[in-house]
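The values are calculated or read from the model by the stated rules, or taken from the named source; none is laboratory data. None of these values were measured; they are calculated from a predicted model. Using ideal geometry, Cβ is built from the backbone for each residue, glycine included, and neighbour counts are taken over all protein chains shown. Heads up: the accessible areas ignore ligands, DNA and RNA and are worked out on the full protein's heavy atoms, side chains in. Shrake-Rupley method; radii C 1.70, N 1.55, O 1.52, S 1.80 Å.
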Amino acid sequence: MTKRRIHFIGGGQMAEAIIRACIAKGTLPAEQISVSDINEARLQLLNTKYGVNTEGRQEQVLSTAALIVVAVRPQDDLAALGHLVQQFASPSAAIVSIVAGVTIEKLGSYFGVERPIIRVIPNTLTDTGYGYSGVALNAFAAKDQVEDFLLGFGKVQYLEESLIDIFTGFGVAGPNYIYYFIESLADAGVLAGLPREQAWKVALENMLGAVAMLQQTGMHPRQLLDINNSPGGVGIHGLYELNNSDFAAGLQRSVLAAVKRTTELGVKE
């Protein structure tokens, strides 16, 4: 990564996950990272654990930052943060917002309408290298300003901003659905009589193997289901019961509920 300073406004769990992944992957050295937060305990933790700068004066760290990552809550005072950035940061410094629900237009009203603004919905699989972050750019931002940073904690999909909330509820919340499915599948093995540890290992291995089959063959899931299920066999009897359940519709309702909540977060109550 080209040497440039990155300043995080907010040092919460998501900011820490991004910092941890980037440092571990070697894409972002600790000496290039600074963090500010109203919680002194968080700053001490980040400094001790990762060696990032948490003691610089706000005007100094903002003036030297090429990327400013806004990692606060939607209900926090973004207008005040915008005033600080416009007062001290370079006009070319790009804003990378991971604030849920806050649009590029609204961010521009706070941080400057002609400043590069990148709205990012980070994935929650940062430590694994898997998972897509959803990214939307304003007219003054370019991919090369931010892509090497974003690839430090996963993969990237560039989207029209109108799709960001959908991407959040479906893609970023996606691991929740997978975790729940694996837990339920392992429980089913225990219910049928397998020891817990064995059921857990089988559920994980089947999940990994099924994903690998889909990726390697390029087949649609329905094609693999047809291959795996012989007439009157074990598999088709299991699928019959699953088809009689509310599984598919329940999962789809979960995604829609998550998308709805994402949209609500952008509106201050």
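Using just its DSSP H runs of length 4 or more, each adding -39500 (n - 2.57), the chain gives a mean residue ellipticity at 222 nm of -15500 deg cm²/dmol after division by all residues.
Over the chain, give the accessible area per residue in Å² for a 1.4 Å probe, as an integer.
On a per-residue basis, 57 Å².
When the chain is treated as a Gaussian network with alpha carbon springs shorter than 10 Å, the biggest mean-square fluctuation among 192, 94, 24 belongs to 192.
Heavy-atom surface analysis with a 1.4 Å probe gives the range 191-269 a carbon and sulfur content of 62 percent of its accessible area.
The aspartates and glutamates within cross-link reach of residue 143, meaning a Cα-to-Cα straight distance under 15 Å and a gap of 8 or more places when in the same chain, are 160, 161. Restricting the range 90-170 to GluC sites (Glu not before Pro) that sit in a DSSP loop and have at most 13 other Cβ atoms within 10 Å of their own Cβ leaves 114, 160. Which of these values of semi-axes √(5λ) of the Cα gyration tensor in Å was calculated from the structure shown: (i) 41, 20, 17; (ii) 38, 20, 16; (iii) 35, 18, 17? Identified label for the calculated read-out: (i). For the pair residue 248 and residue 163, label points projected 7 Å from Cα toward Cβ lie 2.3 nm apart. Each peptide in 211-217, 107-113 gets a packing score, the mean of other Cβ atoms within 10 Å over its residues, and the list from highest to lowest is 107-113, 211-217. Between the amide H of residue 141 and those of 117, distances stay under 5 Å, these residues lying 5 or more places away or on another chain, with hydrogens modeled in the peptide plane.
Annotation for residue 205 and residue 265: the two label points, set 7 Å from Cα along the Cα-Cβ direction, are 3.7 nm apart. What separates the Cα centres of the range 1-39 and the range 84-153 is a distance of 14 Å. FRET efficiency for residue 177 and residue 58, Cβ-Cβ distance as r, R0 = 35 Å, nearest 0.05? The formula returns an efficiency of 0.30 here. For the options 164, 227, 121, a Gaussian network treatment of the chain with springs between C-alpha atoms closer than 10 Å singles out 227 as fluctuating the most.
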